[in-house]
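Written out below as structure tokens is the structure these notes cover.
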Amino acid sequence: ILALSALPAAAQEPFPTRPLSLIVPLPPGGTTDAISRAFAARMAENLRQPIVMDNRPGAGASIAYAYAACVAPDGYAVLMGINSLAVNPALRQDLNYAPMHDFLPVSLVARGAFVLAVHPDLPVRSMADLIALAKAQPGRLDQASTGVGSLNHLSGALFQRRAEVTFNHVPYRGGAQATADVLAGRVPIIFLAILEALPFIRDNRLRALAVTSPDRIPVLPDVPTIAEAGLPGYAVEFWQGLFVPAGTPAPVIARLNQAARAAGGDQALIQDMAARGIVVVASSPEELGALLARETGEWAELVRTTGITAAD
């Protein structure tokens with residue numbers, strides 16, 4: 001009788017009672033990792049448990065996603081999803097996970113934008129100048145990206161489609177080498193996360209032509225959006241959001257969401273991220289789920305019409 005009466009108490013054991021891990025689909029050192037660490041530190045304070053970073057880069061983030069889909073659905077392993085969760089189903093035919101089926105949304109974490117930047121030696125001073133030059137030299141201007149199917153690659157593909165120009169895509173295995181070659185003048189054009197681009201813009205090693213967000217970025221107030229610079233309706237933002245494996249209990253998701261919302265309200269974090277061009281934006285699970293569904297459809301359409309494949 002005593003044993004049976006203890007079952008409800010055990011079933012209602014508070015969550016969490018031990019450290020958590022945060023699965024990050026990119027290596028340490030980049031924008032995604034920096035945001036993940038800062039946000040996780042605030043969540044850990046609310047949860048009163050450490051959150052250990054678990055970076056699992058590779059295969060367009062699919063290594064991390066496939067792993068996260070198979071962990072125990074108990075809330076102790078949380079995935080930091082990014083836009084590639086919406087892109088990969090259209091881009092890759094070999095996925096062993098289904099984002100809309102294998103994961104449950106917890107909360108958005110942050111949004112950010114890219115800046116369309118060029119090496120200062122390129123003879124353009126505005127986005128209109130770049131479009132004119134690209135039309136005069138079709139396929140001769142190189143655009144660096146952090147890899148085929150990466151969001152800055154797709155940002156460039158969408159730009160080319162809207163502007164009716166053609167760049168020569170030069171993919172790299174990560175952002176460090178791509179940025180280094182643009183800074184060296186070997187590749188003139190890049191869509192670079194604002195957090196990463198700011199130091200180079202400020203010391204005039206990159207020239208900012210426009211930002212991909214719907215609205216101007218406070219840290220670059222004089223740089224127009226791509227939409228206002230001549231391509232109405234263009235908008236691309238990268239986002240990060242927390243997901244757990246399907247089957248995770250609703251009370252656990254609710255507790256994680258509560259911790260995410262507390263982290264998202266931390267004024268020091270908000271101000272720190274704003275100085276880097278990042279907006280901290282915790283949300284409901286439903287809002288994140290709707291975002292994933294919408295972008296899955298939008299990027300599938302772009303991939304279909306441009307013919308981009310992971311093998312490019």
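The values are calculated or read from the model by the stated rules, or taken from the named source; none is laboratory data. If you're wondering where the values come from, they're calculated on a predicted model, not measured in any experiment. Please note: Cβ atoms are built from the backbone with ideal geometry, for glycine as well, and neighbour counts cover all protein chains shown. Only protein heavy atoms, including side chains, enter the accessible area calculation; ligands, DNA and RNA are left aside. Shrake-Rupley method; radii C 1.70, N 1.55, O 1.52, S 1.80 Å.
Restricting Leu133, Leu151 to residues that are aliphatic (A, V, I, L, M), within 23 Å of Glu301 (Cβ to Cβ) and open to solvent by 20 Å² or more (accessible area, probe 1.4 Å) narrows the list to Leu151.
Taken together, Ala250, Ala259 contain a single residue that is farther than 30 Å from Arg304 by Cβ, surrounded by 21 or more Cβ atoms within 10 Å (Cβ to Cβ), out of contact with any Gly (no Cβ under 6 Å at 6 or more places or on another chain) and at pLDDT 95 or above, which is Ala259.
Scan segment 23-36 and tell me whether some residue there is over 15 Å from the mean Cα position of the chain (by Cα) and free of Cβ contacts under 8 Å to residues at least 24 places away in the same chain. No, segment 23-36 contains no residue that is over 15 Å from the mean Cα position of the chain (by Cα) and free of Cβ contacts under 8 Å to residues at least 24 places away in the same chain. Scanning segment 60-76 for residues that are over 29 Å from Ser213 (Cα atoms), in contact (Cβ under 8 Å) with a residue 60 or more places away in the chain and open to solvent by 10 Å² or more (accessible area, probe 1.4 Å) yields a total of 7. For segment 115-149, filtering for residues that are more than 20 Å from Ala184 (Cβ to Cβ) and either within 18 Å of the chain's Cα centre (by Cα) or not aliphatic (A, V, I, L, M) (or both) leaves 9. Here the condition is being on the phi < 0 side of the Ramachandran plot, of a type in the set (S, T, N, Q), in contact with a helix residue (DSSP H, G or I) (Cβ under 9 Å, 6 or more places away or on another chain) and touching a residue at least 40 places away in the same chain (Cβ under 8 Å); of Ser155, Ser145, it holds for Ser145 alone.
Going residue by residue through segment 290-311, is there one that turns out to be in contact with a Ser or Thr (Cβ under 6 Å, 6 or more places away or on another chain), in contact (Cβ under 8 Å) with a residue 24 or more places away in the chain and not aliphatic (A, V, I, L, M)? Within segment 290-311, not a single residue is in contact with a Ser or Thr (Cβ under 6 Å, 6 or more places away or on another chain), in contact (Cβ under 8 Å) with a residue 24 or more places away in the chain and not aliphatic (A, V, I, L, M).
What's the number of the condition Asp222 fails, among (1) under 22 Å from Leu116 (Cα atoms); (2) part of a loop (DSSP other than H, G, I, E, B); (3) open to solvent by 20 Å² or more (accessible area, probe 1.4 Å); (4) in contact (Cβ under 8 Å) with a residue 24 or more places away in the chain? Asp222 satisfies every listed condition except (4). Filtering segment 181-191 to residues that are aliphatic (A, V, I, L, M) and either assigned to a loop (DSSP other than H, G, I, E, B) or modelled with pLDDT under 95 (or both) leaves Ala184, Val187.
When Gly185, Gly247 are screened for being more than 21 Å from Met127 (Cα to Cα) and among the small types (Gly, Ala, Ser), only Gly247 passes. Looking only at residues of segment 1-39 that are of a type in the set (Val, Ile, Thr) and surrounded by 10 or more Cβ atoms within 10 Å (Cβ to Cβ), we find that the one that is modelled with the lowest pLDDT is Thr31.
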